[in-house]
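Student: Encoded as structure tokens, here's the structure I'll be asking about.
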Amino acid sequence: MNAVEIQNLTQRYGTMTVLEDLSLTLDEGEVLGLFGHNGAGKTTTMKLVLGLLNATEGRVRVLGREPNDPQVRRTLGYLPENVTFYAQLSGRETLRHFARLKGAHTSQTDHLLEQVGLGHAADRKVRTYSKGMRQRLGLAQALLGEPRLLLLDEPTVGLDPVATEDLYSLIDGLRQQGCSVILCSHVLPGVERHIDRGAILAGGRLQAVGTLTSLRQEAALPERIRVSGVVDRESWLQRWNAAGHIATPLGNDGIEVVARGDQKLDLLRELLAGETLTDIEIHQPSLTDLYRHYMDQASEVTA
Amino acid sequence: MNQIWNIARKELSDGLRNRWLLAISLVFALLAVGIAWFGAAASGQVGFTSIPATIASLASLATFLMPLIALMLAYDAIVGEEEGGTLMLLLTYPLGRGQILLGKFFGHGLILALATLIGFGCAAVAIGVLVEDVELSLLMWAFGRFMISSTLLGWVFLALAYVLSSLAREKSTAAGLALGVWFVFVLVFDLALLAVLVISEGKFNPDLLPWLLLFNPTDIYRLINLSGFEVGSSAVGVLTLGDDLPISGWLLWACLVVWVGVSLLLAYWLFRRRVV
């Protein structure tokens, strides 16, 4: 059974189309990154999966049921963007209130507060919490009742690097237990190691979806080879630029050369045969590069 | 049912925490005692006069106060949760919109009921203990009826507050609307009714006019509390129309309950249509 199944989903507000013909599935135990600018349709997608909106066209199934099924909601955790809570309650009281509403054991709350690093502030009023602390409380709230599906909207906003790392390792752990996760994010660096697949939304349309490897193949973005310890740098640069490669000097004795498609191995072989190199680095296109590539593509289509 | 109680419980503990309950109870107790002892000061007397006079004064005061307190307590019930960002979260929980609304109503309703019981109850006890040769059974009956009807009046305005709160996009709008509703039902309605009486010069069907009182919950409330005393009807203004109303006391109570039910249904309908 798929954790989430979205079929030909279209959402319109009046004459404005915010989502167009979106189809997407999420397997059990899979972590999907949902990326896109503001207004790309990420939050709308989330709201449709949460059953807060009714789709204009198309179908959404969550854990094999309708999204607004109470059974689904008991096994679903949601962290909204910029989460806020009742300012007058303490962290512990907040979590207990939500645990009761979710039908989760209130004994779970203390453990969760420790897990997200709020144990020391559990009895302080939420009013006094920093943005990062509110975000952690929001995360603890999403984890109530051992969810099978987690929807996290910008979970790392306001978190310091250590807390961000903690969050990602938490997600890794949940994935191993079979929990499916949809992760919306603007912050691309660092997230790539923790997602199984990425989906890129722009202008309400799905631009690309797949594993990072398949996205890289599909985008065919060049890789960059950086070498150092080149003795005869000028002649390499001349030869490669004449052959149509883009090669630039790097540092004292280094070269950066752009390798497209299957040129990478040929270029390396050539270099290794003619030089005694001290170092080689190969830079694959990052998630940020991929994102930019698909965004450019999307804006070319609309332009 | 469990979920409704979970929501109600939070509202109740909020009411205790921010001392709403304490404040309302205190205001009620002070006013009730003050009116009981100094209500007749205008006629040159100080001290307890009579139960009907006390209840009449209290009822006319509660007519102003109770709707105001109920509206203040509940005007931000929905729109406040939305502005605070918690409404969307609540709606992703295994929790229907009707349950949220009913939970809030039970929570706020309980606060009002408790405040009425504590505030006016204390006053009743004070009168019973301090005033000599007061007719205890009449006192209990009159105060009981007064407290229950006051609570019901409060509930009507709680429900009306939810209607406004489901309708308004911003908290300040809801507050403004609440003030408007208070103004219309407590002040404007009776004046308008009087104006109709005067301007129509009797051409308006006189059988129809008394029924118009039922369109104002505060008038129903006053009719309930002014009736039943044999000694000197203290009805004034438009309420004298109530004497012509061919319906019994129980129907007046039923009308208040209908006001609560219809307002709650309207609030539910509006809340369900609200896009989060």
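The values are calculated or read from the model by the stated rules, or taken from the named source; none is laboratory data. These figures come from a predicted structure and were not determined experimentally. A quick note on method: Cβ atoms are made from the backbone with ideal geometry, for glycine too, and the neighbour counts reach across all protein chains shown.
Student: Does A:R226 fit the bill of being assigned to a strand (DSSP E or B) and among the basic types (K, R)? Let's see the steps before the verdict.
Tutor: Working: assigned to a strand (DSSP E or B): yes; among the basic types (K, R): yes.
The answer is yes for A:R226.
Student: For segment A:51-70, which residues satisfy the criterion of being surrounded by fewer than 17 Cβ atoms within 10 Å (Cβ to Cβ) and within 8 Å of chain B (Cβ to nearest Cβ)?
Tutor: Residue satisfying the conditions is A:P70 alone.
Student: Of the numbered conditions (1) away from chain B (no Cβ under 14 Å); (2) closer than 30 Å to A:T17 by Cβ, A:E154 satisfies every one except a single condition; which is it?
Tutor: (1)
Student: For B:L61, work out the one condition from (1) in contact (Cβ under 8 Å) with a residue 40 or more places away in the chain; (2) in a helix (DSSP H, G or I); (3) surrounded by fewer than 18 Cβ atoms within 10 Å (Cβ to Cβ) it doesn't fulfil.
Tutor: Single failed check for B:L61: (1).
Student: A further question on this structure: Yes or no: segment B:36-45 includes at least one residue that is buried (at least 17 other Cβ atoms within 10 Å of the Cβ), in a helix (DSSP H, G or I) and within 14 Å of chain A (Cβ to nearest Cβ). I'd like the intermediate steps shown before the answer.
Tutor: Filtering segment B:36-45 down to residues buried (at least 17 other Cβ atoms within 10 Å of the Cβ) leaves B:36-37, B:39-40.
Add one more test, that the residue is in a helix (DSSP H, G or I), and what stays is B:36-37.
Now drop any that are not within 14 Å of chain A (Cβ to nearest Cβ), which leaves none.
No, every residue in segment B:36-45 fails to be buried (at least 17 other Cβ atoms within 10 Å of the Cβ), in a helix (DSSP H, G or I) and within 14 Å of chain A (Cβ to nearest Cβ).
Student: Residue by residue through segment B:60-94, note down the ones that are more than 27 Å from A:P70 (Cα to Cα) and at pLDDT below 90.
Tutor: Those that are more than 27 Å from A:P70 (Cα to Cα) and at pLDDT below 90: B:S60, B:L61.
Student: On to the next question. Could you please give the count of residues in segment B:131-149 that are closer than 14 Å to B:T49 by Cβ, without any contact (Cβ under 8 Å) to a residue 12 or more places away in the chain and of a type in the set (A, V, I, L, M, F, W, C)?
Tutor: 0
Student: Give the number of residues within segment A:83-96 that are surrounded by fewer than 23 Cβ atoms within 10 Å (Cβ to Cβ) and more than 7 Å from every other protein chain (Cβ to nearest Cβ).
Tutor: Here the count works out to 6.
Student: Would you please name the residue that is surrounded by the most Cβ atoms within 10 Å (Cβ to Cβ), looking only at residues in segment B:67-108 that are closer than 30 Å to B:D219 by Cβ and of a type in the set (F, W, Y)?
Tutor: Applying the filter and picking the extreme gives B:Y75.
Student: Turning to a different aspect of this structure: From (1) under 16 Å from the mean Cα position of the chain (by Cα); (2) among the acidic types (D, E); (3) closer than 30 Å to A:M1 by Cβ, pick out the condition that doesn't hold for A:E165.
Tutor: (3)
Student: Out of segment B:73-87, which residues are of a type in the set (D, E), more than 10 Å from chain A (Cβ to nearest Cβ) and either farther than 17 Å from B:W20 by Cβ or part of a helix (DSSP H, G or I) (or both)?
Tutor: First pass over segment B:73-87, keeping only residues of a type in the set (D, E): B:76, B:81-83.
Going one step further and asking which of them are more than 10 Å from chain A (Cβ to nearest Cβ), we end up with B:76, B:82.
Correct list: B:E82 only.
Student: Give the residue that is surrounded by the fewest Cβ atoms within 10 Å (Cβ to Cβ), with candidates limited to residues of segment A:248-269 that are farther than 12 Å from A:G229 by Cα and touching a helix residue (DSSP H, G or I) at 6+ places or on another chain (Cβ under 9 Å).
Tutor: For segment A:248-269, the residue satisfying everything is A:T248.
Student: Is it true that B:A53 is surrounded by fewer than 20 Cβ atoms within 10 Å (Cβ to Cβ), of a type in the set (G, A, S), more than 12 Å from chain A (Cβ to nearest Cβ) and part of a helix (DSSP H, G or I)? Walk me through it before giving the result.
Tutor: Details: surrounded by fewer than 20 Cβ atoms within 10 Å (Cβ to Cβ): yes; of a type in the set (G, A, S): yes; more than 12 Å from chain A (Cβ to nearest Cβ): yes; part of a helix (DSSP H, G or I): yes.
So B:A53 passes the test.
Student: State which residue is nearest to A:V62 (Cα to Cα) when the search covers only segment A:174-217 and only residues that are in contact with a helix residue (DSSP H, G or I) (Cβ under 9 Å, 6 or more places away or on another chain) and without any contact (Cβ under 8 Å) to a residue 40 or more places away in the chain.
Tutor: A:G210
Student: Could you list, in sequence order, the residues of segment A:16-50 that are more than 14 Å from every other protein chain (Cβ to nearest Cβ), of a type in the set (A, V, I, L, M, F, W, C) and closer than 25 Å to A:R193 by Cβ?
Tutor: A:L24, A:L26, A:V31, A:L32, A:L34, A:F35, A:A40
Student: (1) within 28 Å of B:G80 (Cβ to Cβ); (2) at pLDDT below 95: which one isn't true of B:G121, the others all being true?
Tutor: Single failed check for B:G121: (1).
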